[in-house]
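> Below is one structure. I have some questions about it.
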């Protein structure tokens, strides 16, 4: 009887199964839950069963082909890392020897360091200062567990995001590129803030969420296009502006992922595809690369739509340099990181 490599993992957190499911789904992992509270995470085509013990520690198991398991373990680990969850995931060979490890050793529950205090009732201007008006040091301020934090109601978060993106040329003018890069990473990532979840929160009226999502084009057109330097981030080319980093990574970092099989997400997906398509019309190599990066990650859910968008882009831009054209072709087939 043939045997296959297997995956084993532990996830240590105090979240109930339904909460963990919601968090993982927001991080781009497809999760279903049965009546017993167990979860099935479908990651890179691999089904990983996640069970919770009486002690609150989750175990994750799967069997399959080694390359598939390794890819799935890496993606699940990245999702857990983004959620700041302590975990250890290993892929074992047929003889029980581990050949791949993916783990993050955050402190166990009950051993966390002193936590910061919540900021309450920030105006839009105060929130902007809270996020961006920070000295740029070797360590980002938001990794300090004693740092203050703000988490307003989802409707306020969505309103502030819409205002930030729409007014980015003026609102963000006084901050350096390095400050913007740090601050926008904080805004985008659910491992640092949960702000972007407001844009998929159905308790927030769809017109406001749609407005904020569409305004992502304004962030690129009004801020990134004028402040990012020439150069391709996927090739690690030297660029002058630190802002190129988040411009390139934005659609990879934000916890809004293609979900073509979920009918409730079609409106969101349509707006996101339209935004990335519009960004490709900007006369900015950095912005075009960022949009192609995002489309490459959406290709597996919307292959025909992404291919059509990139084909039209390449037809309009026959003079782009070879490296960018090749990156577009890679994104067209979903072959990007």
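> Under the definition of Cα pairs under 8 Å and six or more residues apart, what whole-number percent is the relative contact order of the chain? Let's see the in-between values first.
Values: 552 pairs, mean separation 41.6, N = 337.
Reported as a whole number, the value is 12 percent.
> Okay, next question. If we sort 249-261, 278-290, 12-24 on the protection proxy, mean other Cβ atoms within 10 Å, highest first, what's the order? All intermediate terms of the calculation are to be shown ahead of the outcome.
Details: 249-261: 19.3, 278-290: 21.2, 12-24: 17.2.
Highest mean packing first, the order is 278-290, 249-261, 12-24.
> Could you give the radius of gyration (one decimal) and Dmax (whole number) of the Cα atoms in region 133-189, in Å?
12.3, 33
> Same structure, new question: With a ≥ b ≥ c taken as the square roots of the eigenvalues of the C-alpha gyration tensor of region 109-255, please select rounded if a/c is under 1.5 and otherwise prolate if a/b is larger than b/c or oblate if it is not?
Numbers: a/c = 1.64, a/b = 1.14, b/c = 1.43.
It comes out oblate by the Cα gyration axes.
> Here's a follow-up. Between residue 14 and residue 123, what length comes free when the chain is fully extended (0.36 nm per residue of separation minus the Cα-Cα distance, one decimal in nm)? Please report the intermediate quantities before stating the final value.
Details: separation 109, 0.36 × 109 = 39.24 nm, distance 3.19 nm.
Length gained between residue 14 and residue 123: 36.0 nm.
> Determine by what factor the alpha-carbon radius of gyration of the chain differs from 2.2 N^0.38 Å, reporting the quotient. Write out the running numbers ahead of the final one.
Values: Rg = 20.6 Å, N = 337, 2.2 N^0.38 = 20.1 Å.
Normalised Cα radius of gyration, the chain: 1.03.
> Which residue fluctuates the most in the chain, going by a Gaussian network model with Cα springs under 10 Å, if the choices are 209, 182, 318?
Looking only at 209, 182, 318, the biggest GNM fluctuation is shown by 318.
> OK, next. Quick one: grab Rg to one decimal and Dmax as a whole number for region 281-337, Cα atoms only, in Å.
10.2, 29
> In region 8-32, which residues have a backbone nitrogen under 19 Å from the label point lying 7 Å from residue 93's Cα in the Cα-to-Cβ direction?
Flagged as within label range: 8.
> Expressed in nm to one decimal, what extension gain is obtained for the pair residue 325 and residue 308 from 0.36 nm per residue of sequence separation less their Cα-Cα distance?
On the way: separation 17, 0.36 × 17 = 6.12 nm, distance 1.49 nm.
Length difference between fully extended and current span is 4.6 nm.
> For region 143-159 and region 214-239, write down the distance between their C-alpha centroids in whole Å.
Region 143-159 and region 214-239 have Cα centres spaced 26 Å from each other.
Bear in mind that the values in this text are calculations on the coordinates, not laboratory data. Computed from a predicted structure; not experimentally measured. Virtual Cβ from ideal backbone geometry, glycine too; neighbours counted across all protein chains shown.
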